[in-house]
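Mind having a look at this structure? Questions to follow.
Every read-out reported here was derived from the displayed coordinates using simple, explicitly stated rules and does not represent laboratory data. Not measured: the values here are computed from a predicted model. Cβ atoms come from the backbone with ideal geometry, glycine included; neighbour counts cover every protein chain shown.
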């Protein structure tokens, strides 16, 4: 077999010239194997003559042997000559080998990994963000957590925050069960209901006590054709409840906020603001790493054979019955350049990723999803959740987390060598920067 290789503007072409003799041994092996298990009418299983099997199935078996020889030759050549490629190998001009021929001349094209250099990391400026949360933001988060931790409790009388379970009755109609929110009533409705207790009956003008939207919810009128009633109606109060929010006591501060208890509420709020900043550090680092990657990608002169790659991507999209847009192709090329930068950094900085890195990345992802709030439970419980996710039969999660762990570790090592410039930002400002990167 004669193998030649040429390069032109980032595209490599591998030419293979060979004869049937180059894969004859593999063909004979397949023929004998097939004959040993062939089931042909008139012959016992495994007793079909090779000549008959060859006559019936030889062309297909020869094509299989030929394709295997081509794949083996290409892979061996790339390995022996350290040819690094991007994506898949492309059959030039969609050539098809004729198994009946005695000689073959086939060509294969591939995009080559370009040669490029990264700049000296110590000369690249990279912001080091200091995220600050205001006391007002911390107070809002604490209030939100208190509301999520609240529990329904009975009330003696209706107040502004009450939920009212009642029986609704209008003249000439059967009574119906309903519930009302005092907060969502109009001022007139609140004035009528405030102070009422279980067993009391409250009569109101429906149009005055409720907005039309709220009244339809109270009366469970979900269909557009349902007519919203008007006039007077009586609500017989059966039960009054309200969400009772936990106080900022020692149990709530230590168990729910994960802070050291203090009787001074302002001290608790400030400590929680600091904790919010600390919990957001992984998000800060993610933004910093995205900036580092974008800077390196734009600084490095990475030349790609985009016309060739576009043809390959379009072919993939066609198989998926999709049409490739310019925006999608630009994203594909950005991803290719990003991966090239990461590979170069990993080689230069000698970064290795192990299973523990993947576990830690998965733990951060679980906390970041909000499914397992930071400060709740314990690290061992969170770690077990991460390992359980990674152990699923579907390897998509493992692959995604491994990829994130690898890029994160590489970019962390690169960022540590860059020229860091401290910058204080608010959460909103950081979000804006993240959206740009």
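According to the square roots a ≥ b ≥ c of the eigenvalues of the Cα gyration tensor, what is the shape class of the stretch 258-302, taking rounded for a/c under 1.5, prolate for a/b larger than b/c otherwise, and oblate for the remainder?
Prolate.
Do you know the relative contact order of the chain, to the nearest whole percent, from alpha carbon pairs under 8 angstrom that are 6+ apart?
For the chain, the relative contact order is 18 percent.
Apply 1/(1 + (r/R0)^6) to the Cβ-Cβ distance of residue 134 and residue 417, taking R0 = 35 Å, and write down the FRET efficiency to the nearest 0.05.
The computed FRET efficiency comes out at 0.55.
Shifting gears a bit: If you rank 366, 251 by fewest surrounding Cβ atoms within 10 Å, what's the result?
Ascending Cβ contact count within 10 Å gives the list 251, 366.
For the chain, modelled as a GNM with alpha-carbon contacts under 10 angstrom, which of 63, 257, 419 fluctuates the most?
63
Rg and Dmax of the chain over Cα atoms: what are they, in angstrom?
Considering the chain through its Cα atoms, Rg and Dmax are 35.3, 101 Å.
Rounded to the nearest 10 degrees, what's the angle between the helix 379-390 long axis and the longest principal axis of the chain, both from Cα atoms, 0 to 90?
50
While we're looking at this one, here's another question. Divide, for the stretch 159-309, the radius of gyration over alpha carbons by 2.2 N^0.38 Å, where N is the residue count.
Rg over 2.2 N^0.38 Å, computed on Cα atoms: 1.88.
To continue, here is another question. Which residues in the stretch 159-176 have a backbone N closer than 13 Å to a point placed 7 Å from the Cα of residue 147 along the Cα-to-Cβ line?
none
Using Cβ counts within 10 Å as a stand-in for footprinting exposure, how do 210, 308 rank, fewest first?
Result, fewest neighbours first: 308, 210.
Can you compute the helix-only [θ] at 222 nm over the chain? Use -39500 (n - 2.57) per DSSP H run of at least 4 residues, normalise by all residues, nearest 500 deg cm²/dmol.
-15500 deg cm²/dmol
Taking the Cα-to-Cβ direction at residue 96 and at residue 227 and moving 7 Å from each Cα, how far apart do the two end points lie in nm?
Between residue 96 and residue 227, the label points sit 7.2 nm apart.
Right, something else. Assuming a ≥ b ≥ c are the square roots of the Cα gyration tensor eigenvalues, decide whether the stretch 2-112 counts as rounded (a/c under 1.5), prolate (otherwise, with a/b larger than b/c) or oblate.
prolate
Also, quick follow-up: May I ask for the angle, rounded to the nearest 10°, between helix 396-416 and the longest principal axis of the chain, with both axes built from Cα atoms and the value confined to 0 to 90°?
90
Here is a follow-up. Any chance you could give the angle, 0 to 90 degrees and rounded to 10, that helix 50-80 forms with the longest Cα principal axis of the chain?
70
Now a separate question. Averaged over every viewing direction, what's the projected area of the C-alpha convex hull for the stretch 151-244? Give it in nm², one decimal, please.
It is 5.8 nm².
Who wins for biggest fluctuation among 41, 236, 217 in a Gaussian network model of the chain, springs between alpha carbons below 10 Å?
Result: 41 has the largest fluctuation of those listed.
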